[in-house]
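Trainee: For reference, the structure I am asking about is given below.
Bear in mind these aren't lab numbers, they're just calculated from the coordinates by the rules spelled out. Fair warning: this is a prediction, and the values are worked out from it, not measured in the lab. Note that each Cβ is placed from the backbone with ideal geometry, even for glycine, and that neighbours are counted across all protein chains shown.
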Amino acid sequence: MSDLHKEVSELEGRSATAARLFDIRLIIGGLFTLYGVIVTVAGVFVSDADMEKAEGVNINLWTGLAMLALGLFFLGWMKLRPTEIPPPTATDEADATDEAGTPEAPGAGK
């Protein structure tokens with residue numbers, strides 16, 4: 001029985017790691033941060049013709065800084081409030097197995 005518990009806890013650990021890895025905040029934050037850096041750099045090295053097109057507003061710089069701030073917000077949010085996988089309750093485990101430790105058929109005994 002201890003081998004079963006060991007395997008279950010290992011699978012739960014993998015599941016929690018996968019949930020943290022594919023957290024949507026990581027994907028959104030990473031992409032906004034990456035594109036924010038690219039657009040900010042484009043805004044720093046702007047030509048006079050581009051500034052004239054935008055009526056004197058360095059739109060690439062401001063948009064890049066906004067994207068960078070949003071991306072860093074998402075990454076900070078993920079760091080401060082990580083995804084928590086709720087542990088299985090005792091009733092979930094009892095429903096999944098019967099006393100002999102074999103899976104119970106759906107609707108059996110109810």
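Trainee: Sorting Thr33, Thr83 on the 10 Å Cβ count, fewest up front, what's the list?
Mentor: Details: Thr33 19, Thr83 14.
Lowest count first: Thr83, Thr33.
Trainee: May I ask you to compute the full-extension gain from Asp3 to Ile38, defined as 0.36 nm times their residue separation minus their alpha-carbon distance, rounded to one decimal in nm?
Mentor: On the way: separation 35, 0.36 × 35 = 12.60 nm, distance 5.06 nm.
Roughly 7.5 nm would be gained on extension.
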